[in-house]
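My questions all concern the structure below.
The values are calculated or read from the model by the stated rules, or taken from the named source; none is laboratory data. Just so it is clear, the structure is predicted and the values come from calculations on it, not from any experiment. Don't worry about glycine lacking a Cβ; one is built from the backbone with ideal geometry, like all the others, and counts go over all protein chains shown.
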């Protein structure tokens with residue numbers, strides 16, 4: 001389970017601390033739990049490889065002291081063969097360890113992407129309404145990739161480098177403690193620099209991920225509406241928007257680059273200065289007879305190894321902070337609680353007739369502005385209820401509450417006597433089909449789009465649904481027919497054709513309750529007639545809610561609810577409402593007066 005305490009710390013506006021970083025790394029490491037055995041084995045192999053490497057300077061010392069001083073050529077050959085064997089052995093251990101680490105990393109990233117994607121599908125409409133698609137996509141791709149870097153590259157290397165550094169320091173102390181003391185003088189300064197720069201780099205890394213998400217969102221907005229962009233000749237404007245977002249990303253990245261290079265350069269200067277001192281002081285020790293030439297060479301190699309380790313540690317610490325900054329965004333996303341979820345003890349909703357009771361329904365968004373106010377009505381099985389009213393009256397909001405896209409602020413909706421909050425969300429939505437004004441089709445085949453209503457449908461069932469939706473004729477006239485690819489969002493089809501595919505999809509689902517949201521408002525007269533005919537066929541023996549811009553299409557509704565400012569102000573049939581001379585009559589007269597002018 002990911003730590004929610006970590007997120008609480010983020011909200012407290014406190015400075016990032018080592019403890020906070022440690023907690024983030026614990027969260028990252030926890031992702032590898034299913035593969036912990038393989039991860040430990042891989043790390044152990046890499047550590048053994050590092051341990052073998054630590055023996056190399058000792059072998060070189062023996063070459064210098066025992067071989068050259070004594071002139072023993074046989075020993076020279078033996079040590080050379082031994083060193084070569086060590087190199088081969090070290091390479092084998094490193095290869096095996098790194099391969100398994102990479103395997104764990106890729107496996108964890110695959111699992112995490114699936115987990116994040118599954119979690120996104122559990123979140124409610126409110127979450128998506130408050131975020132741009134590009135930002136969400138960036139978290140799913142870029143941020144998850146950063147976690148892989150931390151888990152398989154940064155963290156294991158940090159462990160092996162630390163092991164190598166500790167081993168080198170220990171062997172240096174054993175060789176000559178006076179020379180070792182020179183290195184210890186620089187450690188506090190390096191520690192302070194690491195902590196200071198690490199905090200700032202981590203903040204900037206998170207800002208970079210945010211800026212990257214913003215630029216991705218800008219690009220997706222424009223590319224997803226390319227027809228609109230071209231129609232309004234706004235290519236230069238959109239390029240400017242994206243350029244501005246990318247330049248902002250560059251400015252933040254440049255700040256991080258400056259800090260990172262200052263950090264690496266500063267650490268490098270400190271340690272190279274230390275090496276010069278070691279070389280100078282070690283030379284004096286050799287001249288004084290307190291140190292052999294072999295000891296000095298081994299000592300310098302260990303010092304160089306420490307220098308390399310510290311340099312790697314600096315870079316890895318930077319990489320870990322970068323990954324931590326990105327991972328925060330992933331953990332924040334995974335900590336998002338689904339707004340709509342099954343209550344404890346929720347029951348399965350089966351064999352629905354479609355009787356609906358709405359009682360005292362109120363709803364408001366986060367700004368506390370009431371969108372619906374004390375809405376109450378009853379609908380019998382098979383009735384068609386039309387929702388009419390001015391823009392912003394609450395019609396679509398009411399429709400969205402029936403499948404629990406949102407939960408009401410107060411009041412209840414009952415289906416066949418069951419409060420929809422007491423039944424499983426999946427079982428409720430399986431009984432409902434929606435045909436919206438803006439139909440969304442996937443960039444796959446016509447057949448696959450229709451089968452979205454019933455994934456295991458046979459070809460014959462798909463064709464029958466298309467016939468019932470008045471879509472079969474145009475489908476068979478398209479090259480490849482039902483196997484034809486329709487492009488992103490069905491761009492290769494007309495508006496009427498897309499609507500009829502959506503109706504075929506709804507027919508195939510065979511719902512008890514049907515929600516039609518302005519399903520014909522954007523169509524020409526010929527397409528509207530075909531779609532309306534298909535809708536009448538779909539509405540038979542189903543409880544149907546209709547939002548219609550054209551009031552002529554709802555004259556045969558069993559009941560018309562007129563909403564205004566979140567209240568039901570009129571309720572009746574078409575003729576009854578016309579005779580009252582109220583808001584419905586006024587809207588009807590306005591609409592047909594406009595038609596007469598045309």
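Any residue in the range 512-535 that is surrounded by 15 or more Cβ atoms within 10 Å (Cβ to Cβ), assigned to a helix (DSSP H, G or I), in the same structural domain as residue 468 (by TED's automatic domain parsing) and at pLDDT 80 or above?
No, there is no match, as no residue in the range 512-535 is surrounded by 15 or more Cβ atoms within 10 Å (Cβ to Cβ), assigned to a helix (DSSP H, G or I), in the same structural domain as residue 468 (by TED's automatic domain parsing) and at pLDDT 80 or above.
Let me ask another. Which ones in the range 403-446 are in contact with a helix residue (DSSP H, G or I) (Cβ under 7 Å, 6 or more places away or on another chain), surrounded by fewer than 18 Cβ atoms within 10 Å (Cβ to Cβ) and over 22 Å from residue 342 (Cβ atoms)?
The answer is 440, 442, 443, 445.
So, one more: Of everything in the range 232-261, what is modelled with pLDDT of 80 or more, over 20 Å from residue 209 (Cβ atoms) and surrounded by 13 or more Cβ atoms within 10 Å (Cβ to Cβ)? Give them in sequence order.
Within the range 232-261, 238 is the sole residue that qualifies.
Name the one entry in 171, 112 that is part of a helix (DSSP H, G or I) and farther than 28 Å from residue 319 by Cα. Write out each step before concluding.
Values: 112 fails: farther than 28 Å from residue 319 by Cα.
Checking each option against the conditions leaves just 171.
When you go through 41, 32 one by one, which is the residue that is surrounded by 13 or more Cβ atoms within 10 Å (Cβ to Cβ), in contact with a helix residue (DSSP H, G or I) (Cβ under 9 Å, 6 or more places away or on another chain), more than 20 Å from residue 330 (Cα to Cα) and at pLDDT 75 or above?
Numbers: 32 fails: more than 20 Å from residue 330 (Cα to Cα).
Checking each option against the conditions leaves just 41.
Would you say residue 421 is at pLDDT 90 or above, in a loop (DSSP other than H, G, I, E, B) and touching a strand residue (DSSP E or B) at 6+ places or on another chain (Cβ under 9 Å)?
no
Report whether or not residue 187 is over 12 Å from the mean Cα position of the chain (by Cα), at pLDDT 75 or above, over 19 Å from residue 329 (Cα atoms) and assigned to a helix (DSSP H, G or I).
Taking the combined requirement at face value, the residue does not satisfy it.
Of all residues in the range 222-231, count the ones that are at pLDDT below 75 and surrounded by 15 or more Cβ atoms within 10 Å (Cβ to Cβ).
Residues in the range 222-231 being at pLDDT below 75 and surrounded by 15 or more Cβ atoms within 10 Å (Cβ to Cβ): 1 in total.
OK, next. With the checklist (1) at pLDDT 85 or above; (2) buried (at least 21 other Cβ atoms within 10 Å of the Cβ) in hand, flag the one item residue 486 doesn't pass.
So the condition that residue 486 fails would be (1).
Another question about this same structure. Please indicate, with yes or no, whether at least one residue in the range 149-167 is over 30 Å from residue 299 (Cα atoms), under 27 Å from the mean Cα position of the chain (by Cα) and at pLDDT 75 or above.
Applying the first criterion (over 30 Å from residue 299 (Cα atoms)) to the range 149-167 yields 149-152.
Remaining after also requiring under 27 Å from the mean Cα position of the chain (by Cα): 149-152.
This time we only want the ones that are at pLDDT 75 or above, so: none.
Checking the range 149-167: not a single residue is over 30 Å from residue 299 (Cα atoms), under 27 Å from the mean Cα position of the chain (by Cα) and at pLDDT 75 or above.
Applying the selection to the range 428-481, what residues are in a helix (DSSP H, G or I) and on the phi > 0 side of the Ramachandran plot? Explain how you work it out, then say what you get.
Within the range 428-481, the first condition is being in a helix (DSSP H, G or I), and the residues that meet it are 428-429, 446-451, 459-468, 472-477, 481.
Within the range 428-481, just 481 meets the criteria.
In addition: What is the residue count in the range 387-402 for residues that are without any contact (Cβ under 8 Å) to a residue 40 or more places away in the chain and surrounded by 16 or more Cβ atoms within 10 Å (Cβ to Cβ)?
Matching residues across the range 387-402 total 1.
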